[in-house]
Amino acid sequence: MIKAGIVARLPKVDLHCHLIGTVRASTFAELARRGRLALPDTPERIYAGCNSLPPDPELYRDTRIPVPQGRSADEPEISYSLFQLSNWVTEALRDADDLTRIVYEAFSDAHTSSATRHLELFIDEPRGRLARLGYPALVEACADGIRLAEREFGMSGRLIAAIDRSRSGEQALQWVRTVVDHPHEYVAGIGLDNLETVGAPELFADAYRLAGAAGLGRTAHSSEHVPAAANTITCLDLLGCERIDHGYFVLQDEAVVERLRAQQTPMTVISTTSRRSWRPWRRASINAMLEAGLNVIAASDDPGMFPTTLAGEYRILADDLGVSYDRLRRMSLAGVDACWLPAVEKAALRERFEGELAALDAEVSAD
Ligand code: HPA
Ligand code: ZN
């Protein structure tokens with residue numbers, strides 16, 4: 001067993017974290033009350049009820065690792081999906097200062113809870129009042145939050161423009177065109193999120209092509225809700241993704257697992273950010289991915305809305321799955337290698353990690 005302090009202090013990179021999903025319950029409560037947002041319950045109780053339900057339980061009847069069908073004892077009486085919650089949080093945001101604040105708080109929380117040194121945040125296409133800001137002002141507001149974190153915490157950060165897969169391919173293309181037409185040093189790539197059963201990856205081929213031609217990094221949530229590995233192949237071959245977010249259902253297909261192992265495609269995984277009854281299934285899947293030799297990198301996803309942090313995700317691997325210090329150490333460096341910083345900054349980050357890890361190695365071997 002690795003000592004708790006070691007896992008907490010292991011330097012980390014978080015490659016899969018949604019800005020809206022980082023918003024603290026207390027910040028949401030303050031902003032929702034300020035805006036007199038009409039909500040079905042108090043902000044605190046809504047956050048406590050965050051529990052996405054599966055799109056269609058029938059889909060998961062026949063999976064290699066059985067997906068729990070019933071409710072677990074800790075399932076809340078009233079559930080609010082992550083997507084519903086994200087809509088309310090977005091509605092509560094008013095202006096550039098709100099954005100700078102939530103970005104700063106995301107970095108601050110990651111720094112304090114997890115020794116996160118570099119954080120890449122998914123940002124959505126602006127909606128509601130934020131749409132009036134316009135994309136350049138929205139990105140600048142987020143960049144201001146990152147700059148504060150660079151100065152105060154010595155962290156680095158980047159933004160990833162996320163395509164909402166419930167939108168059409170044409171809408172996604174327009175969004176990516178906006179991103180490409182306004183290049184910004186802090187916007188490093190694009191991603192694809194929301195419910196996978198609703199938006200197949202091939203719908204977004206044009207948007208991904210445009211991003212690739214502009215030199216942006218490409219990642220996508222894949223094989224998360226659809227119990228098949230085929231979407232991940234589409235993400236790699238058609239969309240040109242160099243990273244995959246989630247990817248648990250790649251385990252359905254041995255040949256796909258073999259390819260991902262051979263390529264060592266970085267795959268960001270999160271144990272906690274699913275329906276509560278599914279969490280043991282996620283852990284079992286991550287365990288199988290590790291055993292298959294995949295380049296699995298723990299991430300935090302939506303740490304404001306679910307009871308987790310990046311360090312908490314590493315701790316689950318260490319304590320519940322018995323992952324060794326050596327393996328977590330490799331994961332920490334794999335996060336650096338897979339991040340979307342420019343080469344010079346990435347090399348500096350790697351050097352910093354190697355220094356911090358050498359100090360931890362000495363502590364671990366002295367035990
Ligand atoms: N999957 C899909 N959509 C999301 C997620 C996720 O993990 N987090 C926030 N939006
Ligand atoms: Zn996600």
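The values are calculated or read from the model by the stated rules, or taken from the named source; none is laboratory data. Note that the structure is predicted; figures quoted are calculated from it, not measured. As a convention, Cβ positions derive from the backbone with ideal geometry for all residues, glycine included, and neighbour counts pool all protein chains shown.
For the stretch 284-301, filtering for residues that are small (Gly, Ala, Ser) and in contact with a His (Cβ under 8 Å, 6 or more places away or on another chain) leaves 2.
Matching residues to (1) closer than 29 Å to residue 69 by Cα; (2) more than 16 Å from ligand 2 (Cβ to nearest atom); (3) out of contact with any Leu (no Cβ under 6 Å at 6 or more places or on another chain); (4) polar (S, T, N, Q):
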residue	(1), (2), (3), (4)
1	no, yes, yes, no
18	yes, no, yes, no
24	no, yes, yes, no
27	no, yes, yes, yes
39	no, yes, yes, no
43	yes, yes, yes, no
47	yes, yes, yes, no
57	yes, yes, yes, no
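Comparison of 228, 211, 220, 207 shows that the only residue that is surrounded by fewer than 19 Cβ atoms within 10 Å (Cβ to Cβ) and of a type outside the set (Asp, Glu) is 228.
The single residue among 286, 297 that is in contact (Cβ under 8 Å) with a residue 40 or more places away in the chain and either surrounded by 23 or more Cβ atoms within 10 Å (Cβ to Cβ) or closer than 26 Å to residue 44 by Cα (or both) turns out to be 297. Entry remark, the stretch 181-200: residues being within 25 Å of residue 267 (Cα to Cα) and either away from ligand 1 (no atom under 13 Å from the Cβ) or part of a helix (DSSP H, G or I) (or both) number 7 in total. Kindly establish whether residue 321 is away from ligand 1 (no atom under 15 Å from the Cβ), at negative phi and in contact (Cβ under 8 Å) with a residue 40 or more places away in the chain. When the stated conditions are applied, residue 321 does not pass them. Considering each residue of the stretch 94-117 in turn, none proves to be under 30 Å from residue 336 (Cα atoms), within 16 Å of ligand 2 (Cβ to nearest atom), aromatic (Phe, Trp, Tyr) and surrounded by 15 or more Cβ atoms within 10 Å (Cβ to Cβ).
Looking across the stretch 62-98, just one residue is part of a loop (DSSP other than H, G, I, E, B), hydrophobic (A, V, I, L, M, F, W, C) and under 21 Å from the mean Cα position of the chain (by Cα), and that is 93. Residue pairs whose Cβ atoms lie under 8 Å apart, separated by 6 or more positions or on different chains, with the first residue in the stretch 51-69 and acidic (Asp, Glu) and surrounded by fewer than 15 Cβ atoms within 10 Å (Cβ to Cβ) and the second part of a loop (DSSP other than H, G, I, E, B) and modelled with pLDDT of 95 or more, are 56/197; 62/227.
Tallying residues that are in contact with a helix residue (DSSP H, G or I) (Cβ under 6 Å, 6 or more places away or on another chain) and within 17 Å of residue 278 (Cβ to Cβ) within the stretch 36-70 yields 8.
Residue-by-condition table, conditions (1) under 19 Å from residue 217 (Cβ atoms); (2) assigned to a helix (DSSP H, G or I):
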residue	(1), (2)
121	yes, no
126	no, no
137	no, yes
142	yes, yes
147	no, yes
151	no, yes
160	yes, no
163	yes, no
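Return the residue satisfying two criteria in turn: it lies in the stretch 222-234 and is free of Cβ contacts under 8 Å to residues at least 40 places away in the same chain and within 17 Å of the chain's Cα centre (by Cα), and of such residues it is nearest to ligand 1 (Cβ to nearest atom). It comes out as 224. Is the stretch 45-57 home to any residue that is assigned to a loop (DSSP other than H, G, I, E, B) and more than 30 Å from residue 266 (Cα to Cα)? For the stretch 45-57, residues assigned to a loop (DSSP other than H, G, I, E, B) and more than 30 Å from residue 266 (Cα to Cα): present. Out of the residues in the stretch 305-340 that are more than 26 Å from residue 79 (Cα to Cα) and among the acidic types (Asp, Glu), which is surrounded by the fewest Cβ atoms within 10 Å (Cβ to Cβ)? This residue is 326.
Just a yes or no: is a residue in the stretch 344-353 within 16 Å of ligand 2 (Cβ to nearest atom), touching a residue at least 24 places away in the same chain (Cβ under 8 Å) and surrounded by fewer than 24 Cβ atoms within 10 Å (Cβ to Cβ)? No, every residue in the stretch 344-353 fails to be within 16 Å of ligand 2 (Cβ to nearest atom), touching a residue at least 24 places away in the same chain (Cβ under 8 Å) and surrounded by fewer than 24 Cβ atoms within 10 Å (Cβ to Cβ).
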